[in-house]
2 protein chains.
Amino acid sequence: MLNPTVLELGQKRSTIRELFAFGQQRAAIVGADNIFDFSIGNPNVPAPDAVKQAILEILNTESPALTHGYTSAQGADFARTAIANDLNARFGTSYGAHNLYLTVGAAAALSICFKTLTTSPQDEFIVLAPYFPEYLVFIEQGAGARAVVIPAQTTDFQIDFETLTQRINPNTRAIVVNSPNNPSGAVYTPETIQLLTDLLRAKSAEIGHPIFLISDEPYRELVYDADTVVPFLPSHYENTLVCYSYSKSLSLAGERIGYVLIPDSVTDFEQTYAAICGAGRVLGYVNAPSLFQRVAAQCSGLTADLSIYRKNRDLLYDALNAYGYSCTKPKGAFYMFPQVPDLDDAAFCERAKQLDLLVVPGRDFGAAGHIRISYCVQTETIERALPLFEQLAR
Amino acid sequence: MLNPTVLELGQKRSTIRELFAFGQQRAAIVGADNIFDFSIGNPNVPAPDAVKQAILEILNTESPALTHGYTSAQGADFARTAIANDLNARFGTSYGAHNLYLTVGAAAALSICFKTLTTSPQDEFIVLAPYFPEYLVFIEQGAGARAVVIPAQTTDFQIDFETLTQRINPNTRAIVVNSPNNPSGAVYTPETIQLLTDLLRAKSAEIGHPIFLISDEPYRELVYDADTVVPFLPSHYENTLVCYSYSKSLSLAGERIGYVLIPDSVTDFEQTYAAICGAGRVLGYVNAPSLFQRVAAQCSGLTADLSIYRKNRDLLYDALNAYGYSCTKPKGAFYMFPQVPDLDDAAFCERAKQLDLLVVPGRDFGAAGHIRISYCVQTETIERALPLFEQLAR
């Protein structure tokens, strides 16, 4: 007498969460230092000190009843204004509080967007492999729509436009993009964005309704080379909804604070914003956590010390290549997505697990033959794990 | 091309949230002191100092990466253990971490339970008027099931068992109870609980599957008289799921921290717990906010200074009776639910709104003719609003 869909999802859990729980159990037995957990994108770099200072200032100067009380469902006006101002300063936009809906992290933001745009069980959301696996759960079980997966273009993890073009049809409601990408670390080039937005405009005109671009951007600020630019998608395509989270930029993954950005340029802006609010209500979110709304207002635009991720990337990338793994160099996020030598990613991950080395099979991200390595860990953890990667490559 | 259900919910919003937003707008114009906002259950009594001390201690002693990082989806083990220990000490139970699933507040806990128990669109959840109006949204739009409302028994706001008995059928999955009650302030007596659990056991046997009792308990600790006891329902009925929130007891409504308690006694315990986890995943919750998991672990069982609510209750109750309102004296929570003299609650609330006095029509809670007054405000606000209540009674 239980909902079979949620029972199955609860029994299987996500591979990532399963590995994370396994790692915590093993750590209790063999010590945290002896677990090489590259399974989850849980930032190891601490939140910037500004976060702590903001919390202290808020606790010492604001009324607790205000700080910890309900805000309006879309988020406190001052917090949305502050975040809009930060975006405007960085991207030359002119957003206001009315363009933002604060959320319980990016997962909530995405769930809300899928729910908002789903009008029938035939509705389709296009997902580009390799993808964050929970997209499929949020689209199919959460919103009751269909996820249409475009296979990975594994040479450089840009987009296979030929397949994408074929798969767009009148049921297509939106395409989800995630750049910098989890799990590949790829950043879409300006050329990719140009091709994508041209295609979406042409197809929207052809099918007679807008195809939305849902931009999942938790890794926006996590890029490591001076010549890597992350295009700001709402400035390139009018029907863009941005799903943002402070999880990675401020190392606040557990605090669940993010937003949906709804630009004035989206078709039927006012209705879309209202539907976003309605979806948040249906999903039981009430409001984004109130203390961290204030923290985000003060710290939006800052980042944790990302230099550690860059160092980790370079160390890991050079070593894996030397060991014979085939790997595209990540431009951003904190994941590496090498091919495993024998292309059996599941077997590789099982063998690795026996060594207390936790990595996630690429098939979970829609790209078998690869593994995802989250390098948001201490550099020393990578250094000590390298011999295991070398051993596993043989 | 928007989901019509969420669009409608977003455009209408809840009356309570609408009034709350109206109050904030008016406060910006005429000053917060000149708005008499009794619309929302946003605790005015500050969080106990222990909350601030807990946050400071956590920030000063714990690693930020741990404090603000992901926890397991069901909540950090140590936090669940601490909360179980608190319950055990207070209620003579023997729960462990495995009985708790921490949530983004009680709204999430309820949404998760409804989703978990819904197996078909014919499934029914029984709601007793007067009820928290979002129950209907979570059941119907959130879980895709049916809400069956039992009309209010307005003499003392206990339960109309005759009607309830008639409405239970093989589609009945659960009954939602909320004692102390929002909006009536009633607390179910031990006799009510005995009749209810006897009925549920008999009907479960009759229809051949368990009927769950979903106990929504954000007001558990908010009772004002020495002789008022709130029965701990899992000790009275084996298939009880408790949905708890620290919103009111610790005045943390905006922080979204609560739990589902799943006792070992529920039918198919392990599957039920797994399905709860799956439902949380489908709804995009990821994990309950991590800093406040730690705060709850340290502060579970404490309360804000509830004496102010008692003072407010007595002041308001005596005055309203003197003005000719008919009112059942609230035993708990921080709401009063008087009848309005001409029984037209909507018109009353409109007239009140013209005076910047914000109260919610009883029809929103399934009991027209009444109004809900949230007295979780400063006592002075009540004192200054009394002449308006007197004027409106005429």
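Of the residues contained in the range B:255-263, one or more are found to be more than 7 Å from chain A (Cβ to nearest Cβ), more than 17 Å from the chain's Cα centre (by Cα) and either surrounded by fewer than 24 Cβ atoms within 10 Å (Cβ to Cβ) or β-branched (Val, Ile, Thr) (or both). Of the residues that make up the range A:185-200, is at least one charged (D, E, K, R) and over 30 Å from residue A:300 (Cα atoms)? Checking the range A:185-200: at least one residue is charged (D, E, K, R) and over 30 Å from residue A:300 (Cα atoms). In this structure, residue A:280 does not satisfy being within 30 Å of residue B:46 (Cβ to Cβ), within 14 Å of chain B (Cβ to nearest Cβ), without any contact (Cβ under 8 Å) to a residue 40 or more places away in the chain and in contact with a helix residue (DSSP H, G or I) (Cβ under 8 Å, 6 or more places away or on another chain).
Taken together, the criteria place residue A:44 among residues that are crowded, with 21+ Cβ neighbours inside 10 Å, in contact (Cβ under 8 Å) with a residue 12 or more places away in the chain and at the interface with another protein chain (Cβ under 8 Å from one of its Cβ atoms). Taking first residues from the range A:152-163 that are farther than 13 Å from residue A:362 by Cα and partners that are among the acidic types (Asp, Glu), the Cβ contacts under 9 Å between residues at least 6 apart in sequence or on separate chains come to A:153/A:160; A:158/A:191. Residues in the range A:84-125 that are within 14 Å of chain B (Cβ to nearest Cβ) and either within 21 Å of residue A:207 (Cβ to Cβ) or in a helix (DSSP H, G or I) (or both): 23 in all.
For first residues located in the range B:322-336 and without any contact (Cβ under 8 Å) to a residue 40 or more places away in the chain, partners that are of a type in the set (Asp, Glu) and lie 6+ apart or on another chain with Cβ distances below 9 Å form the pairs B:322/B:390.
Taking the criterion of being touching a residue at least 12 places away in the same chain (Cβ under 8 Å) and in contact with a Lys or Arg (Cβ under 9 Å, 6 or more places away or on another chain), the residues of the range B:16-25 that qualify are B:16, B:17, B:19, B:22.
Out of A:333, A:296, A:275, one residue alone is surrounded by 24 or more Cβ atoms within 10 Å (Cβ to Cβ), small (Gly, Ala, Ser) and facing chain B (nearest Cβ under 8 Å). It is A:275. Looking only at residues in the range B:1-35 that are not in a helix (DSSP H, G or I) and not hydrophobic (A, V, I, L, M, F, W, C), the one that is nearest to the other protein chains (Cβ to nearest Cβ) is B:3. With the requirement that a residue be touching a Ser or Thr at 6+ places or on another chain (Cβ under 9 Å) and either within 14 Å of chain A (Cβ to nearest Cβ) or buried (at least 17 other Cβ atoms within 10 Å of the Cβ) (or both), what does the range B:141-156 give you? Those that are touching a Ser or Thr at 6+ places or on another chain (Cβ under 9 Å) and either within 14 Å of chain A (Cβ to nearest Cβ) or buried (at least 17 other Cβ atoms within 10 Å of the Cβ) (or both): B:141, B:142, B:143, B:144, B:145, B:148, B:150, B:152, B:153, B:154. Here residue A:341 meets the list (1) modelled with pLDDT under 95; (2) out of contact with any Gly (no Cβ under 9 Å at 6 or more places or on another chain) almost entirely, failing just condition (2).
The values are calculated or read from the model by the stated rules, or taken from the named source; none is laboratory data. Bear in mind the structure is a predicted one, so any value in this text is a computation, not a measurement. Backbone-built Cβ (ideal geometry, glycine too); neighbour counts: all protein chains shown.
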